[in-house]
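The values are calculated or read from the model by the stated rules, or taken from the named source; none is laboratory data. Since the structure is predicted, the reported quantities are computational estimates derived from the model, not experimental observations. Don't worry about glycine lacking a Cβ; one is built from the backbone with ideal geometry, like all the others, and counts go over all protein chains shown. Side chains included, ligands, DNA and RNA excluded: accessible areas come from the protein's heavy atoms. Shrake-Rupley method; radii C 1.70, N 1.55, O 1.52, S 1.80 Å.
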Amino acid sequence: TNSHISADIATVVGEERPKWNNKAEYLLTCIGFAVGVGNVWRFPYLCQIYGGGAFLIPYLIALVFQGLPLLYLELAIGQRLRMGSIGVWNSISPYLGGVGVASMVVSFCVSLFYNTIVAWVLWYLFNSFQEPLPWSQCPLNHNNKGYVEECVESTPVNYFWYRQTLNITPNMETSGSLQWWMVVSLATAWSILYICFIRGIETIGKAVYVTATFPYLVLTIFLVRALTLPGSSEGLMYLFTPDWEILKDPQVWLDAATQIFFSLSVAFGGLISFSSYNSQKNDCERDAVLVGVINSATSIYASIPIFAILGFKAHTNYVTCLNGNILALTNEFDISDMNITVENYVQWFDSLNGTQPSRVSDLNLKTCDLQTFLDQSASGTGLAFIVFTEAVILMPGSQVWAVLFFIMLFSLGLSSMFGNLEGVLTPLHDLKLVPKWMPNELFTAIICLVSFLVALIFTMGSGNYWLEVFNSYVGSVPFLIIAFFEIIAVAYIYGIGRFSDDLEFMTGRRPNIFWKVCWLVISPLMLFVVLVAYVVVQAQTHPTYPAWNPDYVNFPETEVLQYPDWVFAICVLLSSVPVISIPLVAIYRLICCMSGRHSNDSLHNDLNPYANAGYVVES
């Protein structure tokens, strides 16, 4: 009977469910959703702060034992039940209705900051049409006698990012005013997203032909150019040389696990919605492996040009630093020019320091260490905006490169936003929260407008700090919790036997032992361990953030500040509020059940028009 129930649900929903035009549109949409700006700026950034190549080990382990099983599970359950996230979890058990709501809230929170990154990309894109590029040189100061001091002390690229784009405040407590150019960029980003979304998957299916494929072309062009830069080999050595000690830090494993969620976009609900537009007889196992492998390969592929350019940037800074010291030594000891070179500097320094240590120490020479320059090259979201923009300046025809690069980032961000917004809209339709008289276009417009208004906090002077908070806290714990409940729901409540029957019906073969062991034991166990470890680690430390403060002693280095207590409270809320619906819905259903206010069937049918009692109790 169970298979009949599934089929009945499918027919009920099938009448009003749109369909993909072809398999390519579906796969490109999933890949476009999975491959996002994060592959360019979050993955290389995590590699950088977590000991280069060593990060690949927890990342690949998390991919094989957590990412792929979850991805397969979501694509399969969406395709089988043909509903969005709330409908799916509701029909498996009414007590799990909160899982879909949690997915929806997380999707909404992520959309807020993700589209702000798209807005930054647009701002850089608008500025890329200038000659010369505005981040290639320092602006003049107000009396036109020299350059702006903050810019001279740091670099034109840093100045353009921190001052002319973000107009950043020296700390989180100082919120600053709304920056009008950022408000305009943000409004543009939401408007473009709305236009692509007007006709649902009809228009999205066409857009992904460009947005999902164009980035690969640009990455390849950048790769070829980056490998010809001096110092690129040092950067790649830094990427591939592992620092094994760092694997003892649970934070690394946590970030590897959450990067897989963030990157594959599981637990958002968007993938469930996309796969629900498939025909029932579709090989979702192949789709899952394909999307998962392409996504991780893209992350690694994208890190190569980024690290080659990091190496080039570090090499340039290192040579500049040494040349300053060489000049000081040459002048102090009357050595003829060109005698001391970058290559033989260490021998000269050692011999001079051995014979006349006092004169050498009086010079206050800088400490030049290539490794230090590699370590401090870039942080967080600034990675793409600082490192890549610097690389672009050095290329002939820099406007063309800048425009190409930012269109690439824009298409990456836009195709990921399709999935984020789908993860908000479909569940709202599932919940029947849209009034009958309201056309879809108007409803989508309202959601986009509300999102835009809330996201205005990211356009203030302290917006970048808040974006980091959202990125770190909404993008970690909630995913782990949602994914944990999803796996438990399918493996233990829906039943692995029945799920295997469904998979056989759809793909023509039963899942092998690897998938079953992952769903039943490994994935839930890994998720649980990572979650507990994370909460323990977070409880012990007071989190810090890097602040850009021109009055800081070691400027242009960022000043590391502690989060104020009230911000820390918000961090805790951002980690817990999105998933609070899971226990709330379960408790509400339990009370309804016990008080007998509704019979089981009417409760079901109120909240979920496609539910069927056959799903509640496993036979």
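Would you check which residues across region 219-257 are within 21 Å of the chain's Cα centre (by Cα), of a type outside the set (D, E, K, R) and more than 21 Å from PHE312 (Cα to Cα) and list them?
PRO250, GLN251, VAL252, TRP253, LEU254, ALA256, ALA257
For region 560-575, enumerate the residues that are crowded, with 17+ Cβ neighbours inside 10 Å and without any contact (Cβ under 8 Å) to a residue 60 or more places away in the chain.
none
Would region 591-609 turn up any residue that is part of a loop (DSSP other than H, G, I, E, B), open to solvent by less than 20 Å² (accessible area, probe 1.4 Å) and modelled with pLDDT under 90? Before you say what the answer is, go through the steps one by one.
First, the residues of region 591-609 that are part of a loop (DSSP other than H, G, I, E, B): 596-599, 608-609.
From what is left, the residues that are open to solvent by less than 20 Å² (accessible area, probe 1.4 Å) are 608.
Still in the running and modelled with pLDDT under 90: 608.
Yes, region 591-609 contains a residue that is part of a loop (DSSP other than H, G, I, E, B), open to solvent by less than 20 Å² (accessible area, probe 1.4 Å) and modelled with pLDDT under 90.
So ARG163 passes all but one of these: (1) at pLDDT below 90; (2) touching a helix residue (DSSP H, G or I) at 6+ places or on another chain (Cβ under 7 Å); (3) not hydroxyl-bearing (Ser, Thr, Tyr). Which condition number does it fail?
(1)
Just to be sure before I move on: is THR541 at pLDDT below 95, more than 21 Å from the chain's Cα centre (by Cα) and surrounded by 14 or more Cβ atoms within 10 Å (Cβ to Cβ) in the structure I sent?
Working: at pLDDT below 95: yes; more than 21 Å from the chain's Cα centre (by Cα): yes; surrounded by 14 or more Cβ atoms within 10 Å (Cβ to Cβ): no.
Answer is no for this residue.
Which count do you get for residues in region 174-207 that are in a helix (DSSP H, G or I), exposed (fewer than 15 other Cβ atoms within 10 Å of the Cβ) and at pLDDT below 90?
3
Given the options ILE386, ILE457, name the one that is free of Cβ contacts under 8 Å to residues at least 60 places away in the same chain, hydrophobic (A, V, I, L, M, F, W, C) and outside any loop (DSSP other than H, G, I, E, B). Talk me through it step by step, then tell me what you get.
Working: ILE386 fails: free of Cβ contacts under 8 Å to residues at least 60 places away in the same chain.
Sole residue among the options that is free of Cβ contacts under 8 Å to residues at least 60 places away in the same chain, hydrophobic (A, V, I, L, M, F, W, C) and outside any loop (DSSP other than H, G, I, E, B): ILE457.
For region 528-558, which positions are in a strand (DSSP E or B) and touching a residue at least 40 places away in the same chain (Cβ under 8 Å)?
Taking region 528-558 as the starting set, the residues that turn out to be in a strand (DSSP E or B) are 544-547.
Across region 528-558, the qualifying residues are TYR545, PRO546, ALA547.
Open to solvent by 20 Å² or more (accessible area, probe 1.4 Å), farther than 21 Å from LEU63 by Cβ, out of contact with any His (no Cβ under 6 Å at 6 or more places or on another chain) and part of a helix (DSSP H, G or I): which single residue out of TYR465, TYR492 fits that description? Spell out how you get there, then give the answer.
Values: TYR465 fails: open to solvent by 20 Å² or more (accessible area, probe 1.4 Å).
It is TYR492.
Would you please list the contacts, defined by Cβ atoms under 6 Å and residues six or more apart or on different chains, that run from a residue in region 168-180 that is closer than 17 Å to ALA119 by Cβ to a residue that is open to solvent by 40 Å² or more (accessible area, probe 1.4 Å) and assigned to a loop (DSSP other than H, G, I, E, B)?
From residues that are closer than 17 Å to ALA119 by Cβ, the pairs are GLN179/ASN167.
Considering only helices (runs of 4 or more DSSP H) fully contained in region 27-125, which possess at least 2 residues that are at pLDDT 90 or above and surrounded by fewer than 24 Cβ atoms within 10 Å (Cβ to Cβ)? Let's see the steps before the verdict.
Working: elements: 37-41, 43-49, 56-62, 68-81, 85-92.
Because the criterion is at least 2 residues that are at pLDDT 90 or above and surrounded by fewer than 24 Cβ atoms within 10 Å (Cβ to Cβ), the helices (runs of 4 or more DSSP H) in region 27-125 that meet it are 56-62.
What tally of residues in region 495-527 results from selecting those that are modelled with pLDDT under 90 and part of a loop (DSSP other than H, G, I, E, B)?
Looking only at that region, the number is 0.
At pLDDT 90 or above and more than 30 Å from ILE117 (Cβ to Cβ): which single residue out of LEU370, LEU322 fits that description? It would help to see each step written out before you state the result.
Values: LEU370 fails: at pLDDT 90 or above.
Criteria check complete, one pass: LEU322.
Filter region 310-323 down to residues that are in contact (Cβ under 8 Å) with a residue 40 or more places away in the chain and farther than 17 Å from ILE49 by Cβ and give me whichever is nearest to the chain's Cα centre (by Cα). Spell out how you get there, then give the answer.
Of the residues in region 310-323, the ones in contact (Cβ under 8 Å) with a residue 40 or more places away in the chain are 310-318, 321-322.
Pick out the ones that are also farther than 17 Å from ILE49 by Cβ and you get 312, 315-318, 321-322.
Numbers: PHE312: 25, HIS315: 28, THR316: 29, ASN317: 29, TYR318: 31, CYS321: 34, LEU322: 37 Å.
The qualifying residue nearest to the chain's Cα centre (by Cα) is PHE312.
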